[in-house]
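**Q** One structure, as structure tokens, below. Some questions next.
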Amino acid sequence: MQVTVSDKGQITLPHGLRQQLGIAPGQRLEIDPQEDGSLRVRKLAVGSAGLAGLLAVPGERTRTLQEMEEGVAQAVTERATPSAKSSP
């Protein structure tokens, strides 16, 4: 398969290849030059930025980062503290 590099240094991956590999607009790719002059291209895993809005609940306000961090800290503390039910 051949592609052409644009004046901006961009290449266009053919639709069939993008579809076959599951590459969507905005997908990040890693390109590694090889010793033989070839390029190794791999799709990067979608990071947490791709999860934005996943836990939104319609009708509820969005939590601040501080509120989320406090909630996580509270959950960790509660899990680390033995409950009365598990006491002998």
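**Q** For every other residue with a beta carbon closer than 13 angstrom to the beta carbon of Ala45, add +1 if it is Lys or Arg and -1 if Asp or Glu, then tell me the sum. Working shown, then result.
**A** Details: positive: Arg28, Arg42, Lys43; negative: Glu30.
So the surrounding residues net to +2.
**Q** Also, I was wondering about something else. What does the extension gain come out to for Ala80 and His15, with contour length at 0.36 nm per residue minus their alpha carbon separation?
**A** Values: separation 65, 0.36 × 65 = 23.40 nm, distance 5.03 nm.
Stretched out fully, the Ala80 to His15 stretch lengthens by 18.4 nm.
**Q** With r as the distance between the Cβ atoms of Glu30 and Lys8 and R0 = 22 Å, compute the FRET efficiency 1/(1 + (r/R0)^6) and round to 0.05.
**A** Details: r = 19 Å, r/R0 = 0.88.
Approximately 0.70, to the nearest 0.05.
None of the figures in this text is laboratory data; all of them are computed from the coordinates on show. Bear in mind the structure is a predicted one, so any value in this text is a computation, not a measurement. So basically every Cβ, Gly included, is an ideal-geometry build from the backbone, and we count neighbours across all protein chains shown.
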